[in-house]
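J.: There's a structure below that I have some questions on.
The values are calculated or read from the model by the stated rules, or taken from the named source; none is laboratory data. As the structure is a computational prediction, the values presented were derived from the model and not from experiment. Don't worry about glycine lacking a Cβ; one is built from the backbone with ideal geometry, like all the others, and counts go over all protein chains shown.
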């Protein structure tokens, strides 16, 4: 097979496979599916096959050998898929009591709406950062400020965050911000890494689902987002039943103002996006070039088009006024038929790749973009240096190694190796980047080693793999299923984020820890601890609310039916032991924690008023509510702050309205 | 000091201490508090003292030696407070990949509103169970069924869960249910341990804050709750400014119907409750016998009264009609002046103990209740066998060892040892129960060993310590502050749940792991894995919703402005590729996951409609919403279920209203 010959159509092979399996299926169907521990799905409508059966079938169906690229599939060779054995390399992920982790891991929480901060290598969850969800532990979505932000950010109480990205300066993490998308509602949020809290949410106009999300290297000029779902533009009911007129968009958001700058209309469904290291190219994987509306149609064709967005060219088009304005946003036409794509410098290059590719990751030195095949057992390497002058696959495809079944994501150790997750094979495959360039297309030669994971990995990430200087050492495989790996906790099982030791890339991979994860982490990104500089105490100059001193504590009537209550907190005492309001009053309660000592948090809970929020040292928070019901309500501190924490209370008396 | 002599008033000693410290305070005040890592609070208004200064002061103020009972305080003896050193005993808490934990730990999540299931000894979080909060990952609070339950349970979107309790049969865990209180809003919730989900929430009438919560051993006849906050009864504005007429209540809830059975009015603020092993006594700690409304008043007197509730006597009073009905609940008068408390068999015995005791735990064989002193450096042991015939402290107090500063909670290893958390000393103290009975009151003799913890522990729990047969081996100290123990994550720091190896109680304690915890776990309870029998796939007989088959999938118009959409889910496919509704329609969407395979969860997300929920195998969930905005909305699966997960979509078309 020559370097640029197309590999066999995986669907065709799967069909062949299914035919060969007819005799096996009877046996599969007789199995009690509910108790088959190692059942795994190909995800094709109408078939649910067990991994064990798949492997049996692999033996029966010799045809699979030619496509699988995974020796586990042939059923006999166990050397390629190494089993987990404790610490053969002596690698330890234990962090002794009182010692610190070496890396911050920022996990997107998927449809939990939150981010999670996890220490590496201990895999301990250090904190959660609510983003698109509400969170009563911190009061996110309960205080006026966070409520307003969520309201202005679309007014939703959940989101589906997928791709966390750290802000960069000169191509390295600067520790300032983290940006993450909401796939569900087409939003991008920003997290302030000084205080580890969400400080902005942008509901991007015209987009229903932002899936891929990244910052433009090397200096975070934009936060870029991939619109996944095709819909009418604008989506107001017109053309709702005319999918030919649906469109998907690519968007650039300003990282400071968080305002949407421009959008680009493209063909097909966009999936994941990453950028080159020089600020010019954003590469988006894509599926459904068929522009169908059901799964059969979406997976019909052999090829889909990866998109290469030429950012300066798009900026120039916007500057030249070559756009249509929709809901206030300049929308540039980047579809294949657009005149803007016909000249010497098209806005968007369409590069055919084997069908339904999933992810794109740009390697550390920016030479190649790695596009995992999903339904093709290959990873397509795009030569970014050749991209400016050609979009001919023969010229821009630098390699296409055959890695195994269901390749989804690729990560890097900085020593010339790529690691690709194999969803269907449930493996991490390590391969040699240069060898893949030199090998014939579809060759298995570049493959170095395979590590079984448990089970069905999505994203994988090695330490700082996205920077120009990856750190190697550890890799995390974010596995979607855990099945029998943990004590049973009912039908909704945790994911399994597995920690794999990769050393500096020269050693064999070693699985060292299973880590259960509440649904459903999607991706993660790592930063060395020295790159993050979190404050332990608030600076009052960093927020808008007015700092309350002990002298300020009191009740001020601000209107016939409104009062402003100001109250400090410190260990064991609220600034007001009690206060009185009238039934029906709108009460604005401002609270400052006047302590200067780290980790002395106070909580302000008002029973039967659905109010609770945290006030960290030197922080001020406000909440507004209506005092509807006469009675006595004991405001209490929800953070166990001192030996007399239980006695830390204020008494709100709501006097009955007269008459 | 004779056995029953009162120990010195801790407040008096603290005053003496403060006076002695005048010269030291100048130095304390010159310290930059915000950066003092080991600052720790006594919690007394007006003073914030560093631990280091406290220890210095201990040397200076010889008077402290007589009350501290903690050698660490004397500044010189380091042998009692052992430092954390890795694995001197060879105890390993590592659970290798693929192996299971030995115990389930159920953590109350405090004001996060959720429960957390944590494996022991790995300390990995296996799952979360939303209880009083909402949770978009599972759809708790997003589906009709969970929304209704939360609405009927008070309509709040948060709660403050404190004390998780496993249901018992014959004094051992039967694996059926877990009960937990909401301190904020006076509620009790039940979690079904077959499916690990909340199935009932009771908003208990007349009670603002239920703090202590336990089940009545040995057969879970009731779930018992302590009303902490005193308020008018009913709390309708009457007597709001007359604290003399405030009252607090003790409640019994039926564990099956979850209906409130009866309440008992008492003096003072109730705190924590535990029961004897024979179904007769419930012992509640209590503070604020002063019945004051501010902290100075609440901590004024030397003594507070622990309450011993005689459950059969209370039942008899209710049966005899000796109650007042308030908001439909029989309320029995158990105050000290009540006639029901004057006879041979009072409903409630009031037992004076040193001021503001915090917790009560009944030991494994049911002989003693252990009441930690909080502001007294002692643990008071009540002889439950003597309780029936006397409430004279001289007869019912079996021992009162001096354990250290700020004792809050006690746990047991089943080999004759008690372990008490010391909030102010930041230690776990191990002591001999029988030696404490035999020693003089206030003696330090029973003390075996002290282990530093980091920092300020609240609850501590050893494995199955609450059963009649504790397992020893591991103990968890739930420390309220972590300060410098983890990578900085902004001003809101995690708690630190520390795992301590205690062997079978014969070995020295060994601190083996720090475990960061999102705010703010309060307590935990452990069950051996063999005692929990979680189902991995739903049984349709276990829920009310109508199971939807593939044949049922479709849209049924149920009214002029209402439709019922029925839709199955299975890997890669919703039962309907698309459906159409009219603008303004109330849409009821019923979804069944028709898969029988464990761990194949599907999510149903509707962009821009704030809808997301999980449907586990064989489960059915329903959601009702209004289709307000014309357009195309791509319903998608939020659980990565197969290789073609991205293509798993249904298209909701909302047609514009005519005219």
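J.: Of the residues B:159, B:186, which is on the phi > 0 side of the Ramachandran plot and facing chain A (nearest Cβ under 9 Å)?
T.: B:186
J.: Still on this model: Filter segment B:112-138 for residues that are over 30 Å from residue B:92 (Cα atoms) and crowded, with 24+ Cβ neighbours inside 10 Å and give the result.
T.: B:112, B:113, B:131, B:132, B:133, B:134, B:135, B:136, B:137, B:138, listed by residue number.
J.: Criterion first (facing chain A (nearest Cβ under 7 Å), at negative phi, in contact (Cβ under 8 Å) with a residue 24 or more places away in the chain and not in a loop (DSSP other than H, G, I, E, B)) does residue B:653 satisfy it?
T.: yes
J.: Sticking with this one: Kindly indicate whether residue B:408 is under 17 Å from residue B:287 (Cβ atoms), outside any loop (DSSP other than H, G, I, E, B) and in contact with a strand residue (DSSP E or B) (Cβ under 9 Å, 6 or more places away or on another chain).
T.: Criteria met by residue B:408.
J.: Taking segment B:387-405, which residues are assigned to a loop (DSSP other than H, G, I, E, B) and either free of Cβ contacts under 8 Å to residues at least 12 places away in the same chain or within 15 Å of residue B:282 (Cα to Cα) (or both)?
T.: B:388, B:389, B:390, B:391, B:392
J.: Checking the structure you have, find out if any residue of segment B:226-244 is free of Cβ contacts under 8 Å to residues at least 40 places away in the same chain, surrounded by fewer than 23 Cβ atoms within 10 Å (Cβ to Cβ) and not in a loop (DSSP other than H, G, I, E, B).
T.: No, because not a single residue in segment B:226-244 is free of Cβ contacts under 8 Å to residues at least 40 places away in the same chain, surrounded by fewer than 23 Cβ atoms within 10 Å (Cβ to Cβ) and not in a loop (DSSP other than H, G, I, E, B).
J.: Take the residues of segment A:521-551 that are within 14 Å of another protein chain (Cβ to nearest Cβ) and assigned to a strand (DSSP E or B): which is surrounded by the most Cβ atoms within 10 Å (Cβ to Cβ)? Give the derivation first.
T.: Step one: of segment A:521-551, the residues within 14 Å of another protein chain (Cβ to nearest Cβ) are A:521-523, A:526-540, A:542-543, A:550.
Applying the additional criterion that residues be assigned to a strand (DSSP E or B) yields A:526-528.
Working: A:526: 26, A:527: 22, A:528: 17.
Restricting to residues being within 14 Å of another protein chain (Cβ to nearest Cβ) and assigned to a strand (DSSP E or B), the top hit is A:526.
J.: Is segment A:446-463 home to any residue that is away from every other protein chain (no Cβ under 14 Å), out of contact with any strand residue (DSSP E or B) (no Cβ under 6 Å at 6 or more places or on another chain) and either crowded, with 23+ Cβ neighbours inside 10 Å or at pLDDT 95 or above (or both)?
T.: no
J.: Return the total of residues in segment A:582-606 being over 36 Å from the mean Cα position of the chain (by Cα) and under 24 Å from residue B:296 (Cβ atoms).
T.: Looking only at that region, the number is 1.
J.: Listed residues A:596, A:554; which is surrounded by fewer than 23 Cβ atoms within 10 Å (Cβ to Cβ) and facing chain B (nearest Cβ under 8 Å)?
T.: A:596
J.: Being surrounded by fewer than 24 Cβ atoms within 10 Å (Cβ to Cβ) and within 22 Å of residue A:519 (Cα to Cα) is true for just one of B:155, B:141, B:175. Which residue is that? Before the answer, list the steps.
T.: Working: B:155 fails: within 22 Å of residue A:519 (Cα to Cα); B:175 fails: within 22 Å of residue A:519 (Cα to Cα).
Of the residues listed, the single one that is surrounded by fewer than 24 Cβ atoms within 10 Å (Cβ to Cβ) and within 22 Å of residue A:519 (Cα to Cα) is B:141.
J.: Ok, one more. Looking only at segment B:129-159, how many residues end up being touching a helix residue (DSSP H, G or I) at 6+ places or on another chain (Cβ under 6 Å) and in a loop (DSSP other than H, G, I, E, B)?
T.: Of the residues in segment B:129-159, 1 are touching a helix residue (DSSP H, G or I) at 6+ places or on another chain (Cβ under 6 Å) and in a loop (DSSP other than H, G, I, E, B).
J.: In segment B:599-631, how many residues are under 15 Å from residue B:140 (Cα atoms) and either more than 9 Å from chain A (Cβ to nearest Cβ) or not in a loop (DSSP other than H, G, I, E, B) (or both)?
T.: Result for segment B:599-631: 14.
J.: Right, next: Given the criteria at the interface with chain B (Cβ under 8 Å from one of its Cβ atoms) and in contact with a strand residue (DSSP E or B) (Cβ under 7 Å, 6 or more places away or on another chain), does residue A:240 qualify?
T.: Yes; evaluated as a whole, the condition is true for this residue.
J.: Go through the residues of segment A:507-517 one by one and say whether even a single one is farther than 29 Å from residue B:536 by Cβ, assigned to a loop (DSSP other than H, G, I, E, B) and either without any contact (Cβ under 8 Å) to a residue 24 or more places away in the chain or in contact with a helix residue (DSSP H, G or I) (Cβ under 8 Å, 6 or more places away or on another chain) (or both).
T.: At the first step, the residues of segment A:507-517 found to be farther than 29 Å from residue B:536 by Cβ are A:507-510.
Restricting the remaining residues to those that are assigned to a loop (DSSP other than H, G, I, E, B) gives A:507-509.
Then drop every residue that is not either without any contact (Cβ under 8 Å) to a residue 24 or more places away in the chain or in contact with a helix residue (DSSP H, G or I) (Cβ under 8 Å, 6 or more places away or on another chain) (or both), which leaves none.
No, segment A:507-517 contains no residue that is farther than 29 Å from residue B:536 by Cβ, assigned to a loop (DSSP other than H, G, I, E, B) and either without any contact (Cβ under 8 Å) to a residue 24 or more places away in the chain or in contact with a helix residue (DSSP H, G or I) (Cβ under 8 Å, 6 or more places away or on another chain) (or both).
J.: Looking for whichever is within 18 Å of the chain's Cα centre (by Cα) and touching a residue at least 12 places away in the same chain (Cβ under 8 Å) here; the options are B:212, B:145. Which one fits?
T.: B:212
J.: Which of (1) under 17 Å from residue A:635 (Cβ atoms); (2) assigned to a loop (DSSP other than H, G, I, E, B) does residue A:563 not meet, given it meets every other one?
T.: Condition not satisfied by residue A:563: (2).
J.: Right, another one. Output the residue which, of all residues in segment B:83-95 that are within 12 Å of chain A (Cβ to nearest Cβ) and crowded, with 16+ Cβ neighbours inside 10 Å, is modelled with the highest pLDDT.
T.: Ranking the qualifying residues of segment B:83-95, first place goes to B:95.
J.: Among B:644, B:576, which is the only one that is touching a helix residue (DSSP H, G or I) at 6+ places or on another chain (Cβ under 7 Å) and either within 7 Å of another protein chain (Cβ to nearest Cβ) or surrounded by fewer than 24 Cβ atoms within 10 Å (Cβ to Cβ) (or both)?
T.: B:644
J.: For residues that are surrounded by fewer than 24 Cβ atoms within 10 Å (Cβ to Cβ) and assigned to a loop (DSSP other than H, G, I, E, B), scanning just segment B:467-479, find the one that is nearest to the other protein chains (Cβ to nearest Cβ).
T.: Our first condition is that a residue be surrounded by fewer than 24 Cβ atoms within 10 Å (Cβ to Cβ); within segment B:467-479, this holds for B:468-473.
Still in the list and also assigned to a loop (DSSP other than H, G, I, E, B): B:468-471.
Values: B:468: 24, B:469: 21, B:470: 20, B:471: 16 Å.
Taking the candidates together, the pick is B:471.
J.: Residues in segment A:566-573: is at least one within 11 Å of another protein chain (Cβ to nearest Cβ), touching a residue at least 60 places away in the same chain (Cβ under 8 Å) and at positive phi?
T.: Yes, segment A:566-573 has at least one match.
J.: Now for a different question. Suppose the filter is in contact (Cβ under 8 Å) with a residue 40 or more places away in the chain, part of a loop (DSSP other than H, G, I, E, B) and away from chain A (no Cβ under 11 Å); does residue B:584 pass it?
T.: For residue B:584, the condition - in contact (Cβ under 8 Å) with a residue 40 or more places away in the chain, part of a loop (DSSP other than H, G, I, E, B) and away from chain A (no Cβ under 11 Å) - is met.
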